[in-house]
1. Could you check Glu103 against (1) charged (D, E, K, R); (2) surrounded by 24 or more Cβ atoms within 10 Å (Cβ to Cβ); (3) without any contact (Cβ under 8 Å) to a residue 24 or more places away in the chain and say which number it fails?
2. Would you confirm, using the coordinates I've provided, whether Ile266 is touching a strand residue (DSSP E or B) at 6+ places or on another chain (Cβ under 9 Å) and outside any helix (DSSP H, G or I)?
3. Show me the helices (runs of 4 or more DSSP H) found entirely inside region 178-251 where at least 2 residues are crowded, with 19+ Cβ neighbours inside 10 Å and of a type in the set (A, V, I, L, M, F, W, C).
4. Looking only at region 162-177, how many residues end up being among the charged types (D, E, K, R) and surrounded by fewer than 24 Cβ atoms within 10 Å (Cβ to Cβ)?
5. Among the residues of region 112-160, how many are assigned to a helix (DSSP H, G or I) and not assigned by TED's automatic domain parsing to the domain that holds Ala303?
6. Out of curiosity, is Val183 of a type in the set (A, V, I, L, M), within 24 Å of Gly94 (Cα to Cα), at pLDDT 95 or above and in contact with a Gly (Cβ under 8 Å, 6 or more places away or on another chain)?
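The values are calculated or read from the model by the stated rules, or taken from the named source; none is laboratory data. Every value quoted in this text rests on a predicted model; they were computed, and no experiment measured them. We place every Cβ from the backbone using ideal geometry, glycine too, and count neighbours over all the protein chains shown.
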Amino acid sequence: MKKLLVSISLAFAVITSSVANAQTRLTLSTFVPASHPIMTDVIKPWTESVAEATNGRVKVLILPSPLGHPKAHYDLARDGQADITFGSPGYTPGRFNLYKMVEFPFTGDSAASTSVAYWRVYKEYLEQAGEYEDVKVLTLFTHGPGQIHNSKRDINSQKDLAGLKMRVGGGIMNDLASELGAVTLQKPSPSSYELLSSGVADGTLFPLESVVSFNIQDIVTHTTIIPGGLYNFGFFIVMNKERFESLSEEDQAAIDSVSGEALARIAGEMWDRQDARGLKAMQENGNTILNANEDFIVEIIRAFRPMEQKWIAQANKTGVDGEAALNEFRKLAEEIE
């Protein structure tokens, strides 16, 4: 009897070990802190959705610290240093271009609508150009409409903005802020507190959510809200291509089912909730919040129109119908909102 029990125990141990070994573990690197809403409301729930969709066969492990600088996160996935990464093409100027479609002013007041529109237009128009061909794109999305925040004065004209040192993330927000007369400091969002608290920067371009998330509401006490946003900013969640292809077709399909448009919508809805909370917190903090007047809006339009035409021309060179893609993005964002 004792030998039989030992045999059963050994068999159970072998089975348990085999099941454990059969589970695929994927690493995920991100540069935002664990307390940021992108982690608590989007990435962590998504990892749980992956486990559920694959019946526990695939588990995504969020690394306790980033494997590199924010601008390195695309390459970390491409090269397999991490299986999955969260990042932004805007942090590597000159490398990507088509994502700038989502960054122009006045795209809308809802991140959920712009995120879903972005994913759909990417699949229909932009994917064929191959900018992300060396990774598996799990989703693309935007944050909420970007606004102007600074520690010096109210801003309601190009003249008011001129000369202020503004932290920007790159892409259109960098080009547009420069065209409007600001001195731009191209730095990732986590550097904002240090730059602003030390006086190196006078302000930043951020969605309303980020002012509170990065704890700068007591520093940048002047905010100007542009209807539809002064700019927007695109993000990606990508996976090492070979690692994805090594999964079974069943698990690939399961991961796709909880990624793509579904994940873009979840991310956008998170930004919308957090923007509302951020605005409320800034109001309760006594910050000055202005709505841009018509004259300032006209100045912004004049500044970005040449950038829009330049983007369309660049997109056309890649084989993408730039004007059609941009029009479809704006149309979808308005319809979804």
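1. Evaluating Glu103 over (1) charged (D, E, K, R); (2) surrounded by 24 or more Cβ atoms within 10 Å (Cβ to Cβ); (3) without any contact (Cβ under 8 Å) to a residue 24 or more places away in the chain leaves (3) as the failure.
2. no
3. In region 178-251, the matching helices (runs of 4 or more DSSP H) lie at 192-197, 208-213.
4. So the count comes out to 2.
5. Selection size over region 112-160: 18.
6. Yes.
Residue-wise test of (1) acidic (Asp, Glu); (2) closer than 30 Å to Leu61 by Cα; (3) free of Cβ contacts under 8 Å to residues at least 24 places away in the same chain.
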| site | (1), (2), (3) |
| --- | --- |
| Tyr99 | no, yes, no |
| Ser115 | no, yes, no |
| Arg120 | no, yes, no |
| Glu124 | yes, no, no |
| Ala129 | no, no, no |
| Asn150 | no, no, no |
| Asn156 | no, no, no |
| Gly163 | no, no, yes |
| Leu180 | no, no, no |
